[in-house]
Each structure stands twice: as structure tokens, then as C-alpha cells.
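Structure, as C-alpha cells:
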Amino acid sequence: MLPSLIAMKRRSRLGSLAEFIEVPPEALLNVSRVEVVGRLQIRVENHRGLIQFDSAQIILSLPEGRMVIDGQALSMGWIDGKDLLVNGQISALRFEEAGNAE
């Protein structure tokens with residue numbers, strides 16, 4: 001069986017377990033939680049660090065790869081441990097799997 005197929009099945013089982021025991025799936029799956037408020041704000045929980053930051057682009061390391069935020073007047077609202085808040089005029093949000101980063 002392909003490694004990615006095994007990982008997908010494992011995540012599916014863990015997701016079902018999380019639902020059964022009533023905990024957020026990201027708590028068991030070691031993934032990030034991303035909340036987007038319009039095009040003005042993004043909150044990220046469980047990131048692995050800031051790779052790049054300027055007013056036009058922010059790149060974060062996540063357990064499952066990278067997240068790239070493009071926009072204008074981007075700024076950090078706060079950073080607290082593994083959580084952060086990005087403010088600004090967000091034009092694009094994309095995810096890159098580990099190993100497929102540009």
C-alpha cells in the first residue's frame with residue numbers, strides 16, 4: 001500500500017476517534033488549525049515557526065508542510081508559542097505539502 005494512502009487511512013481513523021471522544025481532530029492528528037476572517041485576518045494554531053515575514057508575504061512552517069499568505073500591509077497581531085494572528089489585506093492563502101515547497 002502506498003505511504004500516502006496509509007497516512008490517509010490513519011487520519012480517517014483518528015478523525016473518527018476524535019469525534020467519538022469529543023475532542024478537536026487537530027489535537028490527535030498533529031495538524032494546524034487555521035481560522036480566516038474575511039480577507040482581513042488569519043489565526044493559526046500549532047504552527048512550527050515563521051520562515052519569512054514582510055508586508056507582502058508571510059510563510060509559516062506547519063506540521064504538514066508550509067502555509068503561504070500573500071497580501072498587502074500584512075502584520076503580526078500577536079505571536080504566542082505555537083499560535084499567531086496575521087492582520088492585513090489578504091489576497092491569497094495556499095498550502096504546500098512537505099517536500100513540495102517551491
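The values are calculated or read from the model by the stated rules, or taken from the named source; none is laboratory data. Values in this document were obtained by computation on a predicted structure and should not be read as measured data. Methodologically, a virtual Cβ is constructed for each residue, glycine included, from the backbone with ideal geometry; neighbour enumeration extends over all protein chains shown.
Criterion applied to L50, L60 was being under 12 Å from the mean Cα position of the chain (by Cα), surrounded by 15 or more Cβ atoms within 10 Å (Cβ to Cβ) and either touching a residue at least 24 places away in the same chain (Cβ under 8 Å) or not in a strand (DSSP E or B) (or both), and the one residue passing it is L60.
From the list V44, V34, V68, which one is touching a strand residue (DSSP E or B) at 6+ places or on another chain (Cβ under 6 Å), at pLDDT below 95, closer than 18 Å to E97 by Cβ and assigned to a strand (DSSP E or B)? Talk me through it step by step, then tell me what you get.
On the way: V44 fails: at pLDDT below 95; V68 fails: at pLDDT below 95.
Going through V44, V34, V68 in turn, just one is touching a strand residue (DSSP E or B) at 6+ places or on another chain (Cβ under 6 Å), at pLDDT below 95, closer than 18 Å to E97 by Cβ and assigned to a strand (DSSP E or B): V34.
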